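Structure first, commentary second.
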């Protein structure tokens, strides 16, 4: 946690750091945004999974999607895992790239890749909008997304058969 971190501006938004953040997780879904000030600041959301939500056997039983800055999962038949496990082991993250190179790397991430992020969880005050970051992994629904100012990112691509 960062108790006395100084706010800073990116474009027309003010970012208030709340906590240092590191993550290594699997990309479950990604959504690119184009329109408006929020999309200029946070051009991509990625739904990440770790622990049980990085297991291909579990993921093969889920349908995962994103839209309108939310992440959705569903399944047919019996639950492949307890809902609490899915919630605790995955998250949708609004990503604010610190540099053009970070943006380029984030945009290169594909479903199945393992991504390592470093940066800060931030609250954002935009021109007529705000985004408060989640600071816990036991929440879900509106307000449960992490908003991350990404300072560094690396991708470990999944093995893909030739031609795919």
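Read-outs throughout are calculated quantities, based only on the coordinates presented, and are distinct from any laboratory measurement. Note that the structure is predicted; figures quoted are calculated from it, not measured. Glycine also receives a Cβ, built like all others from the backbone with ideal geometry; neighbour counts cover every protein chain displayed.
At a glance:
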| read-out | value |
| --- | --- |
| Gaussian network model of the chain, Cα within-10 Å springs - most flexible of 118, 24, 84 | 84 |
| Extent along principal axes [Cα atoms of segment 16-128; Å; largest to smallest] | 44, 26, 25 |
| Over the chain, relative contact order from alpha-carbon pairs under 8 Å, at least 6 apart, % | 27 percent |
| Three-way shape call for segment 21-68 based on the alpha-carbon gyration tensor, with the a/c threshold at 1.5 | oblate |
| Most to least packed among 62-68, 39-45 [average Cβ atoms within 10 Å] | 39-45, 62-68 |
| Cα gyration tensor category, rounded, prolate or oblate, for segment 83-129 with a/c compared to 1.5 | oblate |
| Euclidean distance between Cα centres, segment 103-128 to segment 4-73, Å | 6 Å |
